[in-house]
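These notes are about the structure you will find just below.
Read the figures in this text as sums done on the coordinates, not as results from a lab. All figures in this text were calculated on a predicted structure; none of them were measured in a lab. Cβ sites come from the backbone with ideal geometry, for glycine too, and all protein chains shown count toward neighbours.
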């Protein structure tokens with residue numbers, strides 16, 4: 001509840017309402033419209049308070065930082081998904097049939113045969 005959270009962090013309930021109005025916090029609500037803060041909401045609030053109190057960042061700056069942080073987290077998830085996909089693909093290809101060329105990441109054509117270099121004629 002808003003009063004408990006405000007007391008816990010030593011801030012005024014209006015500050016929490018402001019953060020919510022600005023879209024920095026999004027607590028869930030009961031049917032009676034009471035705000036309920038999850039552990040994730042509280043971690044986000046701690047981050048916001050750290051930016052505001054310790055670093056002197058204003059509300060607009062906090063909003064930008066939070067957006068950038070969310071984008072970075074989404075990119076990190078996408079990278080992890082991509083790496084997982086690559087690992088699975090490599091493993092499935094490596095385990096493919098008895099023909100090693102079918103498990104190759106790059107298709108294997110005919111065996112490589114070096115082309116002999118032309119020799120210079122030596123003068124007598």
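Observations on the structure shown:
- Between the C-alpha center of region 60-85 and that of region 15-48 there is a gap of 21 Å.
- Label zone of residue 94 (point 7 Å out along Cα→Cβ, amide N under 20 Å): in region 72-87 this covers 80-87.
- Residue order for 37, 9, 19, 85, fewest other beta carbons within 10 angstrom first, comes to 85, 9, 37, 19.
- Sequence of 41, 54 once ranked by neighbouring C-beta atoms within 10 Å, starting from the fewest: 54, 41
- For region 2-94: relative contact order, % (alpha-carbon pairs under 8 angstrom, 6 or more apart): 17 percent
- Fully extending the segment from residue 47 to residue 31, taken as 0.36 nm per residue of separation minus the present Cα-Cα distance, adds 2.9 nm.
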